[in-house]
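The values are calculated or read from the model by the stated rules, or taken from the named source; none is laboratory data. Treat the numbers as computed from the prediction; the structure is a model and nothing was measured. Heads up, the Cβs are rebuilt from the backbone with ideal geometry, glycines too, and the neighbour counts pull from every protein chain shown. The area values use the complete protein model at the heavy-atom level, side chains included, leaving out ligands, DNA and RNA. Shrake-Rupley method; radii C 1.70, N 1.55, O 1.52, S 1.80 Å.
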Amino acid sequence: MKRRQFLIRVVGVALAAPTIVKLTGCVGESEPETEEDSFAVHNDDDSGHTHEFFIRCSQRGSDGWMYTAAGAHTHQVWVSAENLNAIFGGQAVTITTTAGHPHTWAIQMPGSLCPAGGSGSGSSGGSGGSGGSGGYGGY
């Protein structure tokens, strides 16, 4: 290979590399949560500390979802398909978790945040297994 051919290839690769990195950087990334497509849920009890998780509009129609409530420690909160349907339908739902120590989660979607026919995946999802009707807590 002559020096001129080598330089042309090196420059070509150098110019293409940022595009390749940019394209592959998006693989597997999810859209960041925004106020328009999610809402926060906090425990509503007298435990003396708080936890928070987010329900996303895209979880409408799922077969239930396992949420991880963050705070000084974490809790797993299972929200069944029936409860998610009620929440996305504008109803208030109360879930109690008891593992470690009890928490009560009063969940109601704000206003018309996730309109019917909006962003809903219709697929099963979640980040964990099943947890019964009242869910189960964490640590």
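Numbers for the structure displayed
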quantity	calculated
Failed item in (1) acidic (Asp, Glu); (2) open to solvent by 50 Å² or more (accessible area, probe 1.4 Å); (3) at pLDDT below 95, with Asp37 passing the rest	(2)
Residue check for Phe88: of a type in the set (Phe, Trp, Tyr), without any contact (Cβ under 8 Å) to a residue 40 or more places away in the chain and open to solvent by 30 Å² or more (accessible area, probe 1.4 Å)	no
Residue selected from segment 45-67 under the condition open to solvent by less than 50 Å² (accessible area, probe 1.4 Å) and among the aromatic types (Phe, Trp, Tyr), by the criterion farthest from Ser80 (Cα to Cα)	Phe53
Members of segment 83-101 found to be over 17 Å from the mean Cα position of the chain (by Cα) and closer than 12 Å to Trp65 by Cβ, listed by number	Ile95
Tally, over segment 41-67, of residues that are assigned to a loop (DSSP other than H, G, I, E, B) and among the β-branched types (Val, Ile, Thr)	1
